[in-house]
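Right, one structure below, let's go through it.
The values are calculated or read from the model by the stated rules, or taken from the named source; none is laboratory data. This structure is a prediction, so every number in the text was calculated from the model and none was measured. No Cβ is skipped: glycine too gets one built from the backbone with ideal geometry, and neighbour counts run over all protein chains shown. Please note that ligands, DNA and RNA were not included when accessible areas were found on the heavy atoms of the full protein model with its side chains. Shrake-Rupley method; radii C 1.70, N 1.55, O 1.52, S 1.80 Å.
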Amino acid sequence: MSKVWLITGCSTGFGRELAKNVLSAGNKAVVTARNIDDVKDIIGGNEDNSIAVKLDVTKPAEIAAAVKAAVEKFGRIDVLVNNAGIGYFGAIEESEDEAVRKMFEINVFGLAKMTQEVLPIMRSQKSGHIINIASIGGLRSFPAVGFYNATKYAVDGLSEALAKETSHLGIKVTII
């Protein structure tokens with residue numbers, strides 16, 4: 001049986017390539033991006049097995065709508081990939097508060113809200129897999145990216161706790 005994947009941040013990079021691979025492997029994909037025009041080429045020719053959904057993970061209404069669209073189209077969500085994220089370069093002393101807060105909103109709070117929205121579905125299915133994209137920067141800190149490191153340490157810590165909270169429910173958590 002094919003699985004239904006909901007992947008955040010598919011306009012570029014890892015999310016984009018993952019969405020293509022998920023579909024080529026015969027699975028179903030909810031391909032998200034802040035601008036769905038950026039991902040229409042991914043779902044082209046795969047309309048039965050995929051859907052493009054507008055999603056900014058800092059907007060709770062868009063998170064709820066994306067999850068609802070996934071369930072309406074496919075009836076379930078088997079895998080959530082929290083891939084949306086941004087980086088920020090700057091010494092801690094010199095970093096701009098607005099840019100740092102935006103990064104935390106996307107990298108940490110957006111990931112957390114996506115997870116909170118999908119968990120009830122996975123719990124009712126008694127199965128699921130949440131994949132959180134972290135970084136070596138969540139295991140080891142580097143100069144000029146201290147705040148980025150902080151977001152990725154947060155992702156690691158949240159993911160480890162979540163794995164302990166959900167393992168008995170049949171829900172797996174993986175940090176990449």
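Remark on the range 56-176: Rg and Dmax equal 15.2, 48 Å (Cα only).
In sequence order, the range 112-118 has phi-based couplings of 5, 5, 4, 4, 4, 6, 8 Hz under the Karplus curve 6.51 cos²θ - 1.76 cosθ + 1.60, θ = phi - 60°, and Gly or Pro positions carry x. Computed over the range 1-119, the percent of Cα pairs more than 21 Å apart is 36. The convex hull of the Cα atoms of the range 98-161, projected and averaged over all directions, covers 4.5 nm². Taking a straight line from the alpha carbon of LYS68, these lysines sit under 24 Å away, with near neighbours fewer than eight places off in the same chain left out: LYS3, LYS20, LYS28, LYS40, LYS54, LYS59, LYS113, LYS126, LYS172.
Report in % the part of the accessible area of the chain that belongs to carbon and sulfur, leaving out ligands and nucleic acids; probe 1.4 Å.
It is 54 percent, rounded to a whole number.
Can you list the residues of the range 71-110 with backbone N under 14 Å from a point 7 Å past the Cα of SER124, pointing along Cα to Cβ? Zone members listed by number: 71-78.
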